[in-house]
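Input: a single structure, listed below in structure tokens.
Read-outs: derived from the displayed coordinates by stated rules, not from any lab. Model, not experiment: these values are computed from the prediction. Cβ placement follows ideal geometry from the backbone for every residue including glycine, while neighbour counts extend to all protein chains displayed.
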Amino acid sequence: MDTTTVDERDSTVIRLDRVDKPDDQVLGGKAARLAELTAAGLPIPPAFCISTAVFRQALEHLGIGTDEAGGEPGSELRRRVLDGTLPAAITEPILAAYAEMGRPRVAVRSSAVREDSAGQSFAGQHDTILDVHGDEAVIDAVKECWASLWSDRAQVYRDGPEPAGAIAVIVQEMIHADVSGVLFTTDPVSPRPHQMVVEACWGLGEGLVSGKVPSDWFLVDERTMSPVEQEIRYKVTKCAPLESGAIGIAKVDEADRNLPCLTRDQLEELAKLAVSVRTHYEAEQDLEWVLKDQRFHLLQARPITTRPQRTSRNRLYVTEQPRPIAEGTLWSRMDIGEIFTGIMSPLGQSFARYYQGNVHTDCARAVGVLDPGDPALHMGYLQGHVYLNISFTSYMLGQCPPTRDQRHFTARFASEEADLSDYRNPFGAYPGGSQGRRALTHWVRCTAVEMAQMKRRAKQMVASREYEFDRARALDLTRLSRRELDAEMARYLGYFHDMHVGYMPYYINAFGFYGVLAELCPKWLGKDGQNLQNRVKTDMSSLRTVESARDIWVLAQAAKDRPAVMRLIRETPLDALPAALRADDAGREFWNRRVEPFLRANGTRSHQEMELTHPRWIDDPSYVFQMIRRYAEDGFSIDEILGRSRAYQDGDAAAVLTRLPRAKRTVVEKVIAMYVQCSELRETARMSMITSIWLVRNVVYEVGRRLIAAGVLRSPDEVAYLDFADVLGYLAGTDEPQAVFSKVRLEEARREFQYVRRLPEPPLTLIGEHDPARAVVPAPDGARLEGLAASPGRVVGRARVVEDLVWQADEFQAGEILVTRFTDASWTPLFAIAGGVVTDIGSMLSHSSIVAREFNVPSVVNTKQATRRITTGDLVMVDGDAGVVEVVEG
Amino acid sequence: MDRLTLTRIVKERQLPLLLSATKQLVTPMYRAAFLAAAARSGVLARLAVRPCDLQTLAHGLGVDEHAEELRTWLDIGVRLGDLAWFDDAYRLRSRTAKALARPGREPVSAALEEVLRFHLPVLLQAPQMLQDGRRLSLSDQDGQVIARSTRVVEPFVAEAVRRTLERDRPLRLLEVGCGNGTYVRLAAELNPRLTALAIDLQEEVAAEAAENMAVWGLAGRVQTRRADLRTLAVEPQFDLVTLHNNIYYFPIEDRISVLRKARSLLAPGGRLLLTTACRGGNLGLEVLNLWFTHADFGGPLPTIEDLVQQLTDAGFAQVTTRRLIPGDQFHAVVGVNAPAGQP
Ligand SMILES: C[S@@+](CC[C@H](N)C(=O)[O-])C[C@H]1O[C@@H](n2cnc3c(N)ncnc32)[C@H](O)[C@@H]1O
């Protein structure tokens, strides 16, 4: 077969390096570009293309007219293509070309005639089948690519009734990449002159696009061909061929996790390649590349259509504000409930917006605020992160006596990133006079009511939680009509509202009573008073959160008592484990008697729970089983650890109180009692709040499932790009899903998220607006890190950097120093066996700090840099009294 | 009556009996029928506003061409003393007519109609039906009339709904045999976050309820449709299932399975509220009982003890009862669908 000219009538299968005049009509867009790049001498993996003419022949043979778009349903045409047998006249040239290549493993990729302006990638992507091997498999993969022309997804967003077009297929040598990534010759979302963006991950590139695996990010100046900024992540996972032969997620070797995926020299080489592609096309390019055995290959090139930059990018307010306000507002995402901390997907952010508009002001009212003001002022958004408007909140809380003086509240958010010395609240102070008096009376009344009913409400919240949980477990959402599902959503959102509003007073009151204690103790008792205060803080042995560690330990013991079950737990891959247990007699007994009750008590937990895309323990119990493996192996008793705090508490802490006159003593005792009680109630109520989010999540994922079935989404991963308001709109109406979920907006959400995800994390606290370009903090040198002393004690141990809780839980050795970006309640089981805890982000009142104190684990939080400066295996010293971490031996 | 007969009657001294029967039995029945029709047709309401001449009334009823026939009917009303004819206009006369004409009294006139249309026939025909082996069927009762007439007990049922319904959390209600939808409306007003599925076995009843929901602005929260509880295939999503005044629409032998079915649609911990007339109550209730003992689709009224037992047998826990009308056999029963592993 020697085809040197491309002519629709006789050319059928063409090697890409032999294409003369690449014609999109014949090769499809993708293959035509690859042929051009091959001709230009760029490193494209060997490939041949099966032209659209072959596609037409095949259809003719199968009796399908090419203009059949309206007639038969897509699914039927698809089936006919997949099941049809092709004549030798069609298969032979393909197999001959494959043989000529040497029958390697190949990637089979569709190359449609009408897709592929960059903006269309979301819906236009036709299938790619990786790692295909053997004649039969190649033919099947080709058919699959052809059939993808009628995929639900391709059909759903096809405008108008015109025919589906034609499709060519590329068969290309599979590169089992060491490193993969993308390169934008200019940043498509936020262009900066002369700067290219490179994103790179270990292994194959599949996980990168969907955001499933962590990646490094580089900004390369094309004049010097060297990186001007970079963000090197701790990369625990990669995409790779698994033992089963399928491609999936695997762990990265520990030694490689901290390393940049690309060296400076490699970046330079890659950037040069990119420049030549751009020069060739005289247009900005979006490239997919892979690195294998030190050699780069390009897999795809597409022009970038840069869109005008959104002006609001640096602004946090959701509505237009006068300049003094916009520029003078203090924002923070520290301590605003760990359910928000960290980056959020478009779905998560839009859900936060829902919370802001429908729940937050009622939370403020619940703590006795008479006038919570405009909901739009309460929260702000920056680079996928959610912020609390500290200025407005402190102004508003000026209505309540304990927070009348704004300084207390504001000072907590000071940090080295935000210098508060010149800060003045642009909203001023809440007015006094008659307005202030009315607010005060209101607060007094509310607080009296709260004190009287807080215990009862906590009880009700527990009861309703169990009720809602059991009810939801008995429901099969897939069987509800859209209307019923809408009613479900309304119900869960109502519950979500109530549980948040019910939770908030405990939170604020615990905070308030602690403030009173912190003032009284040193005043009346001096240094001993401070001790007392610290011990009281530690005395929260019945925290629900801590109980979750105990519950896992108990579960681990129960598994240990059943050797057959324990063997299953140890030997079954995590994702197959629940099914494996339920399929086994002993396993089922264990599941029903032990796992189910555990899940009922703890299963709706996850990390950063407001982020709806995070599966809860009950949705993906991998982490729980990782911890069971861990706890079952270590042969220590959790009671020893939990007991640490209680033994401590029994000492002479209370003895100092006898020094006080009776009246003062009563006051302190009362305040301590109230503080402890509010903290306990808060933990109890928190579980109800978390459960309410799980309920909402279930409906969102059911909608996601329906959208996949309707071809609007490709996979559950894409639920992350939905707008929560659209989900509600879809449920409330009867419109076709593709009319509600606009392709353009989905695509925009995806791009925006990919963009913000690779930006350096925005500061925890900031004033006014934020410019990501100015924000890069150079990593300080040296082996010493300073942070906040969150839990007292000094300890020296080996560090373990944990980026991915689920994937790494089984690596963690008892006694190691846990180093991570931030933690929340779901990390508690790991705390129970940690020697020390160091985080990048956090404050004294973070959940993690509280839990560290509870377990008596020395802890330093808010070090900013720990995960970047400390490497797994380093010997580090954690000084939880001074708030210092030192690398003793790197 | 021809002369001969008359003579015979007189001779046999039946005349006094006939006369007194007419006065004591027949006239009240005539009045009841006349008033029920006058209420239903809107004549009472019209006359309550102001006296009207024949033309106006005929026009109001849309029977302008049949004014003369209408006059015949109206004049009977005058003879019965419920209307008066004065100054070329009809007006209300009797206390009863005036009382029935007041707004909000529709249930009473509907109850009257129910007595005339359903109670009288069964009283009249019961022995014959037994002889013929004939039974009443669902089509022998006008669902819409029944729905209106059961509103006599509305305040009492409403009281039971008020007591049972939780108001401070989102709630999902299934109302079985919703009639015109009054109680669903009440529940939706009591709990603004309630959503409901309202079903009724009869097409036209369900249609009327659906229309009402739209008028009341509840179409978004309440889905109304024709369905039979026994074959309703939905997920166990309900916090509360209500059955008002219709347990006797199910044969005795089906009641446990019907209640079990209701329970299967409840969330674990959800509740059933059932209100019903029971045996041994006032005469009207006993006739209702008679009707359903002669029907081919229902069964006799239950006793309250039977009901409690049936709920228990259907798996409900914590079954409680409450007499809704002091001194009468009208009750509410509540049962809980106990979550697994709890009593
Ligand atoms: C006496 S009416 C009561 C209406 C209303 N509940 C009330 O109290 O005003 C009884 C209603 O129950 C309905 N019904 C009887 N059997 C039913 C079944 N199996 N499923 C649903 N509705 C039923 C009838 O159609 C009828 O409209």
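Return the lysines within reach of residue A:292: Cα separation strictly under 20 angstrom, same-chain partners fewer than 8 residues apart disregarded; answer none if there are no such residues.
Residue A:292 reaches A:235, A:238, A:251, A:272.
Would you compute, from DSSP H runs of 4+ residues alone, the mean residue ellipticity of chain A at 222 nm, taking -39500 (n - 2.57) per run and dividing by the full residue count, rounded to the nearest 500?
-14500 deg cm²/dmol
Is the stretch B:144-336 best put as rounded, prolate or oblate by its Cα gyration tensor, with a ≥ b ≥ c the root eigenvalues, rounded for a/c under 1.5, and otherwise prolate when a/b is larger than b/c, oblate when not?
rounded
List the lysines whose Cα sits under 20 Å from the Cα of residue A:455, skipping any in the same chain fewer than 8 residues away.
The reachable lysines, counting only those whose Cα sits under 20 Å from residue A:455, are A:670.
Within a 10 angstrom radius of the beta carbon, how do B:139, B:41 rank from fewest other beta carbons to most?
Sorted ascending by nearby Cβ count, the order is B:139, B:41.
Under the rule of -39500 (n - 2.57) per DSSP H run of 4 or more residues, summed and divided by the residues of chain B, what mean residue ellipticity at 222 nm is obtained, to the nearest 500 deg cm²/dmol? Could you put the intermediate results ahead of the total?
On the way: 16 runs with 159 residues, N = 343.
The per-residue figure over chain B is -13500 deg cm²/dmol.
I'd like the mean, over residues of A:468-474, of how many other protein chain beta carbons sit within 10 Å of each residue's own Cβ.
5
How large is the convex hull of the Cα atoms of the stretch A:466-516 per residue, expressed in Å³ as a whole number?
Cα-based convex hull of the stretch A:466-516, divided per residue, equals 75 Å³.
Give me the Debye-computed log₁₀ of I(q)/I(0) at q = 0.05, 0.06, 0.07 Å⁻¹ for the protein assembly as shown, equal point scatterers on Cα only, no solvent, two decimals.
-0.50, -0.69, -0.87
Taking the DSSP beta bridges in the protein assembly as shown as the whole, what percent of them are antiparallel, to the nearest 5?
75 percent
Hey, with R₀ at 56 Å, roughly what FRET efficiency would residue B:79 and residue A:482 work out to, going by the Cβ-Cβ distance, to 0.05?
With a Förster radius of 56 Å, E is 0.40.
Can you tell me the FRET efficiency between residue A:96 and residue A:732 if r is taken as the Cβ-Cβ distance and R0 is 45 Å, rounded to the nearest 0.05?
Rounded to the nearest 0.05, the efficiency is 0.20.
Counting only other chains, and only Cβ atoms inside 10 Å, what mean value do you get across the residues of B:267-277?
Per residue, the number of nearby Cβ atoms from other chains is 2 on average.
Can you tell me the order of A:518-527, A:39-48 when each peptide is scored by its average per-residue count of other Cβ atoms within 10 angstrom, highest first?
A:39-48, A:518-527
Take the alpha carbon gyration tensor of the stretch B:3-102, find the square roots of its eigenvalues, order them as a ≥ b ≥ c, and report rounded if a/c is under 1.5; if not, report prolate when a/b exceeds b/c, else oblate.
Here the stretch B:3-102 falls in the prolate category.
Please give the residues of the stretch A:559-582, grouped as numeric ranges, whose backbone N is less than 14 Å from a label point set 7 Å along the Cα-to-Cβ vector of residue A:588.
A:579-582
What does the C-alpha gyration tensor say about the overall shape of the stretch A:784-889? Classify as rounded when a/c is under 1.5, otherwise prolate if a/b is larger than b/c, or oblate.
rounded
If you stretched the chain out fully between residue A:421 and residue A:670, how much longer would it get, using 0.36 nm times the residue separation minus the C-alpha to C-alpha distance?
Additional length available on full extension: 86.0 nm.
Give me B:283, B:165, B:272 sorted ascending by neighbouring Cβ count inside 10 Å, so fewest comes first.
On the way: B:283 8, B:165 21, B:272 26.
Ranked by crowding around the Cβ, least crowded first: B:283, B:165, B:272.
Work out the length of the dipole vector of the protein assembly as shown about its Cα centre, built from +1 on the beta-carbon of each Lys and Arg and -1 on the beta-carbon of each Asp and Glu, and round it to the nearest 20 debye.
5780 debye
Between residue A:268 and residue A:437, how many nm apart are label points set 7 Å from Cα along the C-beta direction?
In this crude label model, residue A:268 to residue A:437 measures out at 7.7 nm.
As a footprinting exposure proxy, order A:238, A:743 by other Cβ within 10 Å, with the fewest listed first.
Lowest count first: A:743, A:238.
If you count, for each residue, the other Cβ atoms within 10 Å and average over each peptide, how do B:48-54, A:357-363, A:835-841 line up from highest to lowest?
Averaged packing, sorted descending, gives the order A:835-841, A:357-363, B:48-54.
Enumerate the lysines that residue A:21 could reach by cross-link, defined here as Cα to Cα under 22 Å, with residues fewer than 8 away along the same chain left out.
Qualifying lysines at Cα under 22 Å: A:30.
Testing the spin-label approximation: label points 7 Å from Cα along Cα→Cβ at residue B:282 and residue B:318. State their distance in nm.
Simple spin-label model gives 3.4 nm for this pair.
Output the peptides A:132-141, A:872-881, B:178-187, A:381-390 sorted from most to least packed, where packing is the average of other Cβ atoms within 10 Å over each peptide's residues.
B:178-187, A:381-390, A:872-881, A:132-141
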